[in-house]
Amino acid sequence: MAGSADLHEPGFALHVEDLTVRYGSSIALWDIDLDVPPGRLVAIVGPNGSGKSTLLKSVMGLLRPVAGHIRIFGEPISRARSRVAYVHQRAEVDWDFPATVLEVVTMGLYRRIGWLRPVRKAHRQAALEALAEVGMEAFATRQIGQLSGGQQQRVFIARALIQQADLVLLDEPLAGVDAVSEDIILSLLRSLRDRGKSVVVVHHDLSTVRRRFDWMVLLNRRLIAQGEMRDVYTPANLKAAYGGQMAVFDAADADDPARSGRVGGQV
Amino acid sequence: MLAALFDSIPAMIVLTGVLVGAAAALPGVFLVLRGNAMLTDAISHSIVFGVIMVWLLTRELSGPVQLIGAGLTGVLTVALTEALTRTGLVKTDAAIGLVFSMLFATGILLIGIFARQVHLHADTILLGEIGFVWMRTTPVLGVAVPVSMVMLGVVLVLNLVFVVLFWKELKLATFDPALAAALGLAPAALHYTLLTLTSVTAVAAFDAVGPVLFIAFVIVPPATALLMTRRLALIVPLAAALSTIACVSGYFLAVHWNVAIGGMMATMTGVLFVMVLSMRALKRQLQHRRPVPGNPAPWP
């Protein structure tokens, strides 16, 4: 639809420039410049209240920034909605809502189905296949209220998979999930990356981030650092992001600062 | 035969109640699920202001002008509430209370000043008078049909068309507004349309049950139906059926005890709710006593 002349920074899956977001009188994000190359498994890391979720919400156009702009594969969100999937935190919906697992996964297709058009058998079939990918096909007819935390998360992941997006944003997908779900989710995210998709994950656990992701964005309202995991995961950067919360940091074990300190303890 | 039906006063009274219940349940289900049920309270009170304003301007108590004019007051309430909340000086629930009580009070004052002699009377305005709906009729295909019933019928069709056409969009916007917005499916616009329809329904139900009892029809049958099934598509017809039971039983009990018909109908929605709630509690007790091994736990 848009000519290539309209694209701005199309080489990046996600391009954020001069982004400032405010909640009332408090600044949530200040002057963020960010570039995520395609085909990466990216962790966004930072202390509580550092603006990680706010960043994802801004990318999806759910918040109106005070300043700055965001591009997805060179296009503003209004033109890139079909190329990006978003998995918000589990707690943001009411799990007592009367809906089955299959219905919730099918919701990922509502944009493609289009306004006023009903859900058809082919759509349900696609949802079943997405459920099989997360190992939840046996739960298709269950009420969503009957699921455990990890199962709820897998349903949300299936709902994102079905969108077949090129960029997938996930807010804390591993928070409070069981070990089985964690393994399934992580291997799915890796296989997405291996198929050339870009995956951006808000991650809370500093002690596991290095093994699981290959690109890292360190955030504390301002951008602290971004780039290859090995370049960004340094004591100096982590200290800059976490500040006082890194009080127990042991410089002797500089190879893995999080292991030695209690940095990763926050949820 | 149709004419005979409209000649029967009891049939018309009960039918009006049934129409109120069906029309109210459609938006009601989504408002209850979204946790916005009490916005109905604000909307239905505010339309008192709208009804008197439209009457002062046009001298019409019903018809399309009233539906739209007074219906807009409900939307105005929500818009004013959100504007007040956005200032950051007042919390949402306080803002709702501030706006609708002021509009309602102004409406009551205006009635007292300008409408002493007419049909508008503070008591009727609060509770409606479903027992008198047969007194104001309009010819439809040669049959004299109560004005209230015509208005409610139109609104019922309007609500039904909206809910059926936008079924999946409404479901998504109610369950997960963030995803709806992320997919570009305009959850805010849908929500406002839903509130507008609630408001218009309240205006149509104004003569019959008034703004206070109207709240019961929007909230109680859907809340009861939610206790009975987990299938969204069944909740709407079930809520309408519960309303119908409440209207029929309410009418006969009201006649038997010589009490207000609208009040008795609304009371019956509450009685049905308590009955269903008790059955649920009883069922859960029994299940706790005899756990079935291997079966998944029943939903909450």
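The values are calculated or read from the model by the stated rules, or taken from the named source; none is laboratory data. Predicted model, so just to flag it, every value in this text is computed and none were measured. Don't worry about glycine lacking a Cβ; one is built from the backbone with ideal geometry, like all the others, and counts go over all protein chains shown. For the accessible areas, the whole protein counts, side chains as well, though only heavy atoms, and no ligand, DNA or RNA atoms are used. Shrake-Rupley method; radii C 1.70, N 1.55, O 1.52, S 1.80 Å.
The overall shape of region B:27-170, judged from the alpha-carbon gyration tensor, is oblate: a/c is not under 1.5, and a/b is no greater than b/c. Karplus-derived 3J(HN,Hα) values for region A:14-28, using 6.51 cos²θ - 1.76 cosθ + 1.60 with θ = phi - 60°, are 9, 10, 10, 9, 6, 7, 10, 10, 10, 10, x, 9, 9, 7, 8 Hz; glycine and proline are entered as x.
Here region B:188-266 is treated as a Stokes sphere of Kirkwood radius computed over C-alpha pairs; at 37 °C and 0.692 mPa s its diffusion coefficient rounds to 241 µm²/s. Straight-distance candidates among the aspartates and glutamates for linking to A:K239, with alpha-carbon spacing under 16 Å and chain neighbours fewer than 8 residues away dropped: A:D205, A:D231, A:D250, A:D253, A:D255, A:D256. For region B:2-287, the ratio of Cα radius of gyration to the globular rule of thumb 2.2 N^0.38 Å stands at 1.00. Coupling constants for region B:74-88 follow from the phi torsions by the Karplus curve (6.51 cos²θ - 1.76 cosθ + 1.60, θ = phi - 60°), and in residue order they are x, 5, 4, 4, 5, 5, 4, 4, 5, 5, 4, 5, 5, 5, x Hz; glycine and proline get x. Among A:64-73, A:24-33, B:165-174, the peptide with the highest mean count of other Cβ atoms within 10 Å heads the list, and the full ranking is B:165-174, A:64-73, A:24-33.
Summarising the amide proton neighbourhood of B:V145: residues at separation of 5 or more, or on other chains, whose placed amide H is nearer than 5 Å comprise B:T138, B:V140. Its alpha carbons give the protein assembly as shown an Rg and a Dmax of 28.0, 95 Å. If R0 equals 41 Å, the separation of the Cβ atoms of A:D35 and A:D183 corresponds to a calculated FRET efficiency of about 0.85. Take the accessible area of A alone and of B alone, subtract that of the pair with a 1.4 Å probe, and the total buried over both chains is about 2600 Å². For B:M151, the solvent-accessible surface with a 1.4 Å probe is about 20 Å², rounded to the nearest 10. Reachable lysines from B:K91, Cα under 27 Å, same-chain residues fewer than 8 places away excluded? Within the straight-line cut-off, B:K91 pairs with A:K52, A:K57. Contact residues in region A:43-81 by the 10 Å² criterion (accessible area, 1.4 Å probe, full protein complex versus chain alone): A:M60, A:L62, A:R81. Over every Cα atom in region A:140-205, the radius of gyration and the widest Cα-Cα span, Dmax, amount to 11.9, 34 Å. Quickly work out the A:R79-to-B:Q285 label distance, labels modelled 7 Å from Cα along the C-beta direction, and quote it in nm with one decimal. Distance between the two pseudo-spin positions: 6.5 nm. With both residues required to sit in the protein assembly as shown, DSSP beta bridges show an antiparallel share near 60%. For region A:93-186, the set of trypsin sites (Lys or Arg not before Pro) satisfying both a DSSP loop assignment and a count of at most 15 other C-beta atoms within 10 Å is given as A:R120. Residues of region B:170-203 that lose at least 40 Å² of accessible area (1.4 Å probe, protein heavy atoms only) when the other protein chains are present, relative to their chain alone, are B:K171, B:F175, B:D176, B:A178, B:L179, B:A182, B:L183, B:L185. A 1.4 Å probe run over the protein chains yields, for chain B, 46 Å² of accessible area per residue, whole-number rounding. For chain A, carbon and sulfur atoms together expose 48% of the accessible surface, with a 1.4 angstrom probe and every protein chain in place. Within the shell defined by Cβ-Cβ distances under 14 Å, the residues around B:I47 carry a net charge of -2, with Lys and Arg each +1 and Asp and Glu each -1.
Rounded to whole numbers, the Karplus 3J(HN,Hα) couplings from phi for region B:227-242 are 7, 9, 9, 10, 9, 3, 5, 8, 5, 5, x, 5, 4, 5, 5, 4 Hz, using 6.51 cos²θ - 1.76 cosθ + 1.60 with θ = phi - 60°, and x at Gly and Pro. For region B:160-255, with all protein chains in place and a probe radius of 1.4 Å, 82% of the accessible heavy-atom surface sits on carbon or sulfur. Spatially, region A:54-88 and region B:32-85 are offset by 35 Å when compared through their Cα centroids. Calculated over chain A, the projected area of the Cα convex hull averaged across directions stands at 15.2 nm².
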